[in-house]
Amino acid sequence: MEPDFAGYATVHSVQCSDGRVIGPNAFDHMDGKKVPLVWEHQRNSPSNILGHAILEKRQKGIYAKCFVNNNEMGIATKNMIEHGDVDSLSIHANKLKQAGNQVLHGDIKEVSVVVRGANPGAHIDF
């Protein structure tokens, strides 16, 4: 099955808006993992779960192939992406291991479609 859209969930070696820098191999172990796809990190309501993302390790960072549910919020999100209203992705990760501001390891728990992402390279490109 083809994804509805895809893009970098996070790229490494750039400073995020929170001051962190994702290390080059911080999330490599997430390759092939399936995580929820969420609207703006709002996990408090089932209607904000858009579908799921399959993570793929790439040279530049972690790429997300996103599959959207055929529910009201999923349809609205696909329309916003198709019209160019939103084009950013973001991750929520835990179990972070850091050295200073550099993230060395962590577990991605979800990918979100966001209006403005923390990582300047995390954009939808397909």
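The values are calculated or read from the model by the stated rules, or taken from the named source; none is laboratory data. Note that the structure is predicted; figures quoted are calculated from it, not measured. Using ideal geometry, Cβ is built from the backbone for each residue, glycine included, and neighbour counts are taken over all protein chains shown. Side chains included, ligands, DNA and RNA excluded: accessible areas come from the protein's heavy atoms. Shrake-Rupley method; radii C 1.70, N 1.55, O 1.52, S 1.80 Å.
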Legend entry - Size of charge dipole - the chain - debye, nearest 20, with Cβ of Lys, Arg +1 and Asp, Glu -1, no other charges: 500 debye
Legend entry - Separation in nanometres of the label points that stand 7 Å from Cα toward Cβ, at residue 69 and residue 99: 4.1 nm
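Could you state the accessible area per residue of the chain in Å², with a 1.4 Å probe and every protein chain left in place?
About 53 Å² of surface per residue is accessible.
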Legend entry - Folded to 0 to 90 degrees: helix 72-82 orientation relative to the chain principal axis, Cα: 70 degrees
Legend entry - Binned Cα-Cα distances of the chain, short to long, each 10 Å bin given as a whole percent: 14, 49, 30, 7, 0
Legend entry - residue 25-residue 92 FRET efficiency (beta carbon distance; Förster radius 30 Å; 0.05 resolution): 0.95
Legend entry - Carbon and sulfur %, accessible surface of the chain computed with the full protein complex present, 1.4 Å: 48 percent
Inset, instruction - Return the FRET efficiency for the residue pair residue 13, residue 115: r is the Cβ-Cβ distance, R0 is 22 Å, and the value is rounded to the nearest 0.05. - result: 0.35
Inset, instruction - Counting helices only, and only those DSSP H runs with n ≥ 4, report the 222 nm mean residue ellipticity of the chain as the sum of -39,500 (n - 2.57) divided by its residues, in deg cm²/dmol to the nearest 500. - result: -2500 deg cm²/dmol
Inset, instruction - Can you tell me the relative contact order of the chain? Whole percent, Cα pairs under 8 Å, sequence separation 6 or more. - result: 36 percent
